[in-house]
Amino acid sequence: MLESEVIAMRTGSEPVTARSPLRMRLWLSLWGTAWALFGLVAFSVNGRPGWAAACAVVLLLAVVDLCVITYRMRQGPRYQPGRDVPPYGPGRGVPPDHGDDRPRRPGTGAGGGRRGGGRTGAP
């Protein structure tokens, strides 16, 4: 690795700065709802119950997705989970290991400060 290359490490602020493409999902879900409704009506009129049932399932999924999207959009861009939800996975406060040997915190060595990993200083 070259010295001029910079490795972007996690800062712990990702949940604050992350953005979800909710508007794109909203429009795609509306598009899917319209086509599934059209297919449901068209196949029902033409006597194709199997295809009509398939369109009904797609319509149900699209409507449920619309409900989830509108719920999340109403939460606002600054929504954060409560204090009972840890910021990371099973390590509870320790950033996830990316599989390489770069230090997780300044001065902790390759193990990221977890028990059993990294350099202990013992011979």
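Would you confirm whether any residue within the stretch 2-9 is of a type in the set (Gly, Ala, Ser) and at pLDDT 85 or above? Spell out how you get there, then give the answer.
The first filter runs over the stretch 2-9 and keeps only residues of a type in the set (Gly, Ala, Ser), leaving 4, 8.
Filter once more, keeping what is at pLDDT 85 or above: none.
No, the conditions are met nowhere in the stretch 2-9.
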### Residue ranges of helices (runs of 4 or more DSSP H) in the stretch 14-123 with at least 2 members at pLDDT 90 or above
22-45, 49-75
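The values are calculated or read from the model by the stated rules, or taken from the named source; none is laboratory data. Computed from a prediction, not measured in an experiment: that's the story for all the values here.
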